[in-house]
């Protein structure tokens, strides 16, 4: 995106988006170490194509799609998780601390597309139309995945079945 | 009682806070200045993956000696059942233990395969050298960067013959957070602008030097078939011998085509594209996807961005005419660890209302593209 006619620098883009991308990566993975590796890969992909991506209206959507795509392969995820451990050494006790680990474990157990949708829905408070744009999916598809994800989470976590949200 | 939405939003707020508290990585080394350029980016990626997968206490005996690169494969170490790991996109094949698993792309290397447990590994990538240096200049710059940026204990380096190609071979130890890995890195001249980098590493304390050297001795390099060839729209012709054609006109798309009669509904992988057909069978196999997209999502730039987000690399593109309509066609190399075939030829055909008929034909590397070429030669605009 151009700001005042000047192309956005990669550094400013990364500084602005890093926390949100890392949170999204943590939501669709199983540890902070894996999330940081996903985030690094996604920003590296953006960096390598920055000449083109800088002109996008929403370059952050590109990075989120990379995170989503790279999080889905079981083998890759296993390798990445193991690799992240190798890179960082044994994690300190607080490394994977989150306030509600049961909730994120339930999210991690969802099918990949449900996981991506529900992460963007709750983490970034995005409406269905925006989630569809970010993930390049049809709105109807996103709505169906979101409804299924919320039903599955409610069942897994012992909550009442949620009402359909339409926004 | 807390509802699911209340709980989810509280958990999300906590995650956002924790993510915001984590340090922003140093992006100084990603400075996209022309001087440092792509080599630096690749070196960074290489370093990351090496760090990722390894590191070592370097126990190579005599580092002053040239590395003994074996031009022809030696026997596999005792107890190893060898298997061939072929990466058609790179023109690479190498022998590895049969129980190793491909790990896909990671930290910049496009391909990896690892042992389980992960005590040894091979990484590979094809890296263009836009600076146009010779092999030694490229390898020297890479080594200098690795030594400057990482805790690398440089071992021997030499020029060598790897499967009849000039290569620069370097052994080093990488230490990080008290961990060590022994690595042999092959930078291989492919005859063009690209360098093929193959990294063979082992984790201590297991000590698998014999395995590492055997793997290195089995490297075979071929030219990357088709990667530099242009992409064109083929002239319409009849079906290949033995193929019974059937017309497929997916609803709404505005395009019809001929397919082999035995192709089945659906794709070999999960997709949101409603119109899909694929060859019978399991695993990676030829397929076709068709959809109608509005101008915003269907224009060439948007489609290219979507491909790149999936890890694709565009090999060639062209503006063509399909049944009298302007169109773009592009050939993409996609990540090979997915069930989606690695080579995908994608069309965006402009329709009268400004929308695009987008058709993707995919097939695995090594598969004869004759059927795929025939299918796309049969495109007929119906809108």
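A short reminder: the numbers here are calculations on the coordinates, not readings from a lab. Here the structure is a predicted model, which means the values were calculated and not measured. Cβ atoms come from the backbone with ideal geometry, glycine included; neighbour counts cover every protein chain shown.
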Hey, got the average number of other protein chain Cβ atoms within 10 angstrom for residues in A:47-58? 3
Quick one: order B:173, B:360 by neighbouring beta-carbon count within 10 Å, fewest to most. B:173, B:360
Just counting partner chain Cβ atoms within 10 Å, what average do the residues of peptide A:118-125 show around their Cβ? 4
To the nearest 0.05, what FRET efficiency results for residue B:99 and residue B:9 with a Förster distance of 56 Å applied to their C-beta separation? 0.80
In whole angstrom, the spacing between the Cα centers of segment B:315-332 and segment A:115-158 equals 35
Packing-based exposure ordering (other Cβ within 10 Å, fewest first) of A:70, A:143, A:58: A:58, A:143, A:70
